[in-house]
Structure formats: C-alpha cells, structure tokens
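Down below is the structure, laid out as structure tokens.
The values are calculated or read from the model by the stated rules, or taken from the named source; none is laboratory data. Predicted, not measured: the structure shown is a model, and the values here were computed from it. Cβ coordinates were reconstructed from backbone atoms using ideal geometry, including for glycine residues, and neighbour counts include every protein chain displayed. Keep in mind that these areas ignore ligands, DNA and RNA; they rest on the heavy atoms of the full protein, side chains included. Shrake-Rupley method; radii C 1.70, N 1.55, O 1.52, S 1.80 Å.
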Amino acid sequence: MSDKNEPRGMKRGLTNYGDAGFSAYLRRSFASSMGYSRSMLEKPVVGICQSASGFNNCHRTIPELVDAVKRGVLAAGGLPIDFPTISLGEAYLTPTSLKFRNLMSMDVEEMVRAQPMDVVVLVGGCDKTVPAQLMGAASADIPSIQLVTGPMSTSNYRGERLGACTDCRRYWARYRAGEVSEQQITEVEGRLASTAGTCAVMGTASTMASIAEALGMMPAGAAAVPATDADRLRIAEESGRLAVEMIGTDRTPSKIISAKAIENATRVLLAIGGSTNAIVHLAAIAGRLGHPLDLKRLNELSDTTPVLVDLKPTGAHYMIDLAAAGGIPAVMREMRHLLHLDCTTIEGRTLGERLDEWDPWVDRAVVRPFVDPISPTGGLVSLFGSLAPGGAILKRSAADPTLFEKEARCVVFESLEDLAARVDDPALDIARDDIMVLKNAGPRSESGMPEAGYLPIPKKLAAAGLKDMVRMSDARMSGTAYGTIVLHISPDAASGGPLALVENGDRVRLSVRNRSLDLLVDDATLAKRRAAFEIEAAKVVKPTRGHAWLYDTFVTQAEDGCDFSFLKKDGVGAK
Ligand code: FES
C-alpha cells in the first residue's frame with residue numbers, strides 16, 4: 001500500500017522554486033487560468049496519457065475515448081487531465097516504428113513521473129504505442145490502466161470479407177503473381193481499412209492488447225471490443241472510474257506485471273496464435289521490471305499450450321468475431337488450469353476471480369475448447385544453433401509444416417536495398433527449394449529491424465504458383481503476415497553475428513523438431529570471413545548525435561526486447 005501521507009493531485013511533485021508554498025500557489029494560479037475551481041484543484045488527479053496524432057489513423061478515436069475516460073473520472077470524484085506524448089503510426093515512420101518505441105516509452109515514463117498525477121490511464125492502440133506505454137508505465141510505476149482504441153471492423157469487396165492487414169498482403173501477393181489487375185488492387189486498397197481502429201486481425205496491435213489484458217493491466221474483456229462499438233466508450237468510462245478507485249493502492253505495474261503474470265501473458269500469446277513482435281515487446285516490458293523472458297522457457301510453454309483461437313492471419317475470423325465470441329476471458333477460461341490464477345489485476349481481483357465472473361457463453365467457431373484445439377501446440381517456437389546463438393523465432397502456426405525440416409542452399413541478400421534491387425530479376429539464380437536469407441535488417445542495422453522478414457517470393461517463382469518457401473533474416477515480420485519465415489536471428493548481422501558471415505550458396509539446416517538453426521560452413525572458412533567482415537565493419541560511419549546516436553549505442557538484441565540497455569530495471573549501461 002502506498003504512503004497515505006504522500007501529497008496527492010496538484011500537490012504532488014512541485015516545481016522547484018526553493019519555496020514549496022510559493023510553488024503550490026503558483027501552480028494553482030496557473031491551473032486556475034484554465035478555468036478550474038479551487039475545489040476541483042483539491043481533487044486527486046487522473047492523468048490521461050494520450051497519443052492522438054494526424055499521423056496515426058489507428059488513434060483516430062482517441063479524443064472521443066479521452067472524453068469518456070474524463071466522464072468516468074469526474075463521476076468518481078477525480079480530476080482528469082489529459083496530456084500528449086509522441087505517437088507511432090505504423091505506416092508513417094521511416095525506417096520503421098520500432099526504432100522510436102523506446103523514445104516514446106521514455107516520453108511516457110518521464111511525463112508520468114514529472115507531472116502531478118496519482119494514477120494514469122494510457123490511451124494507445126497501434127502496434128508500438130501500447131508496448132511503449134506499458135514500458136514507460138512499468139518504469140514510472142504509479143497505478144496505471146491500459147486503454148486501447150480497439151480493432152477495426154471488416155468491410156467487403158465483391159462479396160468477400162476484408163480486413164487489414166492479412167488481406168492487404170494476400171491481395172498484394174496475388175497482384176504480384178498477376179492474378180489481380182491494377183484496377184482491382186486500387187479498389188481493394190480503398191476497402192482494406194474502412195473504419196477507425198487498429199488492424200482487424202490478430203496482428204501485433206491486437207496481440208499486444210490481448211497481452212495487456214492477460215497481464216491484468218486493462219479491464220476484463222477490453223482487448224477485443226471493436227473501435228466503433230459503443231462498448232468501447234463504456235470501457236473508457238469504466239477505466240476512468242477504476243483509475244480513481246486505484247489511487248493510493250499498490251496496484252502498480254510492478255505488482256501486477258509479475259513473473260507469473262508474464263508467463264500467463266506468454267501462454268495467451270501462444271493460444272491466440274499471436275504476433276512474433278509480441279515476443280520482442282513482452283521481453284522489453286518484462287525487462288523494465290527485472291524479469292527476463294527466457295526463449296528456452298518459451299519453447300516449454302509452446303509445447304504445452306494449444307492454439308485455441310481461429311483468427312487471421314492463421315485462421316478464418318477477425319477480432320470483431322473474437323469480441324462477439326467471448327473475448328480474451330473466454331480464451332483464458334479455456335486454459336485456466338495452465339494459468340497462475342492468483343495473479344492480481346487492476347481491479348484488485350485475482351485473475352481466477354475475473355474468469356469466474358465472466359459470462360460463460362462462448363462461440364466455438366472462434367474460441368475452441370481446450371480438448372479440441374486448432375493445434376495441440378503453441379503458435380511460436382524459438383530456434384537456437386550456430387546461425388542463431390542468441391535465438392530466432394518461427395511462427396509455426398503461420399508456416400507450412402512440410403518445410404519444417406529442411407537443409408538447403410542459401411540465396412543471400414546483403415541488405416533491404418539489395419533485396420529490392422534483385423528479388424524480381426528474371427536472372428536471379430533461385431529455385432523453390434532454396435532458402436532466402438536477408439542480412440542487415442536487425443536492431444543494430446541502419447534500418448532498425450523493420451517488418452521486412454516477410455521476404456517477397458521472387459516474381460518468377462510466384463508466377464509459377466509458389467506460395468511459400470523458407471525465408472530467414474534478423475528482421476521482424478508484421479503480425480498480420482504468414483509463411484515459413486525465421487525471424488529475429490540473434491545476434492544480428494550488423495552486430496557481427498554469424499548471420500553476417502553467410503554467403504550465397506552456403507547450406508543452412510532448419511529443424512523445427514529439434515528447435516535448431518545451423519549454418520553448415522566449416523570453422524576455418526568462417527574465421528576468414530570474420531576477418532574480412534571486421535575490416536568492412538570498421539569503415540561503417542556511425543551516427544554521432546541525437547536519437548540516432550542513442551539508438552545505435554544502446555539498443556539491445558531481440559531477446560532483450562530491443563530496449564535501450566540503460567532503460568532496463570537495473571540500467572545496465574551500454575553493451
Ligand atoms: Fe496501426 Fe495496424 S497499422 S494497428
């Protein structure tokens with residue numbers, strides 16, 4: 001329980017003028033210029049950390065949500081004050097939004113800590129904003145609630161149901177293969193994202209919303225409710241009311257996001273066939289609180305957690321269907337014997353109590369029973385071996401099992417630019433049984449680990465009908481993508497990991513059965529290649545100022561969440 005005598009509301013964290021009385025007087029005076037009465041300024045303050053931006057379509061409804069949160073706060077006797085932070089809209093940031101997630105988390109952490117609030121409601125939704133808000137809140141460690149904008153609803157195109165962004169990729173692949181005309185792809189472009197909200201499938205945003213709920217950081221059932229549903233506003237209002245109730249309690253992120261809660265969230269991630277990006281974000285959130293996310297433990301959890309949710313990109317349905325089917329509580333109830341039910345949540349109830357109180361109705365077309373799952377094992381596996389000493393990730397639920405045991409020749413692309421220049425070259429020496437390898441797209445690369453791991457099937461193979469082949473890189477992949485794709489190879493090529501030494505024609509062995517990924521090149525050859533690599537690496541011009549320097553100096557590898565090393569709980573400093 002927090003200190004009952006600590007100052008509340010506007011009396012918290014006074015600006016330092018060397019005279020506390022003057023500081024409080026000046027703050028009230030300035031605040032009263034916004035029209036607050038003296039009695040309102042005496043109330044406890046609920047900060048509403050909002051990330052609306054004209055560069056973020058997924059956050060379009062945030063002003064309306066903030067109004068609803070304020071309604072809940074005022075009804076419960078608090079003073080709601082919203083404040084902005086930077087926003088990260090997936091499609092608008094170059095080279096990739098991940099490069100700015102840690103920056104946003106610092107903005108959240110420092111503004112929550114520096115401004116006078118007793119509790120904070122975090123309002124985000126798009127892929128990187130929810131992780132950034134949870135990371136920042138975990139470090140600031142005052143009572144916090146996550147509110148998400150909610151998923152988009154679906155639309156239709158010529159009788160077919162469409163939703164961002166699995167269908168974006170499916171149609172683009174068909175366009176590349178010549179099956180869809182220029183006019184059709186333009187028409188589809190206008191139908192993919194036709195409402196407010198986050199991507200309509202179990203992509204990264206939906207996965208992170210589900211994880212926030214599984215951690216206990218948002219009200220039960222709040223993850224899946226669509227952005228356009230009136231229930232979304234009622235959840236916002238309830239978040240405001242709940243925030244007031246949390247003031248002065250010890251329902252802080254460090255109490256709620258425990259090691260057990262992280263394990264629960266990992267199980268949910270596996271059961272929903274969630275995004276590979278969530279592994280990176282969960283590792284970063286956990287790292288803020290001193291809990292390592294062990295990739296070997298991920299495999300143990302994956303082997304004992306079935307996939308229960310039939311959603312795109314791996315299944316048939318959309319988030320709006322999951323909401324109607326019972327939402328994340330229905331999924332967690334199905335696997336409750338695997339969960340730590342004594343974990344506490346923002347309401348002060350245990351997870352077990354939450355699940356007991358949830359409506360038992362469930363749509364079995366979307367949420368399968370534990371005894372009849374979509375797959376008996378979890379959606380993600382980590383791989384280790386001479387090509388990935390720090391680990392790599394494969395989303396097996398989105399992959400072709402006939403490609404799981406494979407030794408083949410590599411066709412190597414040195415960078416994203418090299419890939420773009422050559423992948424569709426009719427003269428490219430590549431066959432359907434080869435393995436495509438992309439280098440220099442990891443966290444230490446200039447590109448900042450973009451979602452480029454979904455390497456396009458070379459046009460000549462796509463045109464011949466090939467839908468999938470083994471592809472590997474140190475990049476990430478969008479949560480809405482699918483294919484036999486090995487990601488997050490660590491250490492990454494730009495750091496001098498073994499991936500940096502792979503050359504065209506080398507042989508690589510992937511074994512999902514053995515959880516292994518090996519480069520079949522002898523040590524003497526690799527030593528020669530390493531010497532040449534070191535000479536070239538020394539010539540690379542590194543950033544010397546600003547955020548680019550900070551990022552380049554302190555970013556960690558994927559298994560450490562790509563967080564800045566100094567932001568982890570113990571602030572370990574530069575590697
Ligand atoms: Fe924002 Fe997909 S682009 S959630």
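The number of residues in segment 313-353 being under 19 Å from Thr249 (Cα atoms), touching a residue at least 60 places away in the same chain (Cβ under 8 Å) and not hydroxyl-bearing (Ser, Thr, Tyr) comes to 6. The helices (runs of 4 or more DSSP H) located wholly in segment 1-116 that include 3 or more residues which are open to solvent by 50 Å² or more (accessible area, probe 1.4 Å) occupy 20-32, 62-75, 98-114. Residue check: Gly571 meets all listed conditions (1) touching a residue at least 40 places away in the same chain (Cβ under 8 Å); (2) farther than 20 Å from Ser490 by Cα; (3) in a loop (DSSP other than H, G, I, E, B); (4) open to solvent by less than 70 Å² (accessible area, probe 1.4 Å) but one, namely (1). Screening Arg12, Arg28, Arg60, Arg71 for residues that are under 18 Å from Cys126 (Cα atoms) and basic (Lys, Arg) leaves exactly one candidate, Arg60.
Taking every residue in segment 547-561 that is acidic (Asp, Glu) and pairing it with any residue that is surrounded by 16 or more Cβ atoms within 10 Å (Cβ to Cβ) and not in a helix (DSSP H, G or I), at least 6 positions away or on another chain, the pairs with Cβ-Cβ distances below 8 Å are Asp552/Arg444; Glu559/Leu293; Glu559/Gly390; Glu559/Gly391; Glu559/His488; Glu559/Ser490; Asp560/Lys568. Considering segment 473-532 alone, what residues qualify as being crowded, with 19+ Cβ neighbours inside 10 Å and polar (S, T, N, Q)? Ser473, Ser478, Thr480, Thr484, Ser490, Ser495, listed by residue number.
Kindly establish whether Glu245 is charged (D, E, K, R) and buried (at least 24 other Cβ atoms within 10 Å of the Cβ). For Glu245, the condition - charged (D, E, K, R) and buried (at least 24 other Cβ atoms within 10 Å of the Cβ) - is not met. Filtering segment 18-37 to residues that are under 19 Å from Met111 (Cα atoms) and without any contact (Cβ under 8 Å) to a residue 12 or more places away in the chain leaves Ser23, Phe30.
Across segment 138-160, the qualifying residues are those that are assigned to a strand (DSSP E or B) and open to solvent by less than 30 Å² (accessible area, probe 1.4 Å), and the one among them that is nearest to His59 (Cα to Cα) is Val148. Pairs are defined by a Cβ separation below 6 Å, a sequence spacing of at least 6 or placement on different chains, a first member in segment 459-474 that is among the small types (Gly, Ala, Ser), and a second member that is at pLDDT 90 or above and open to solvent by less than 10 Å² (accessible area, probe 1.4 Å); the pairs so defined are Ser473/Leu438; Ser473/Ala441; Ser473/Gly453. Working only within segment 288-315, note down all residues that are of a type in the set (Gly, Ala, Ser) and more than 26 Å from Ala224 (Cα to Cα). Residue satisfying the conditions is Gly290 alone.
Collect the residues in segment 61-84 that are more than 16 Å from the ligand (Cβ to nearest atom) and in contact with a strand residue (DSSP E or B) (Cβ under 7 Å, 6 or more places away or on another chain), keeping them in residue-number order.
Of everything in segment 61-84, those that are more than 16 Å from the ligand (Cβ to nearest atom) and in contact with a strand residue (DSSP E or B) (Cβ under 7 Å, 6 or more places away or on another chain) turn out to be Val66, Val69, Lys70, Val73, Leu74, Gly78, Leu79, Pro80, Ile81, Asp82, Phe83, Pro84.
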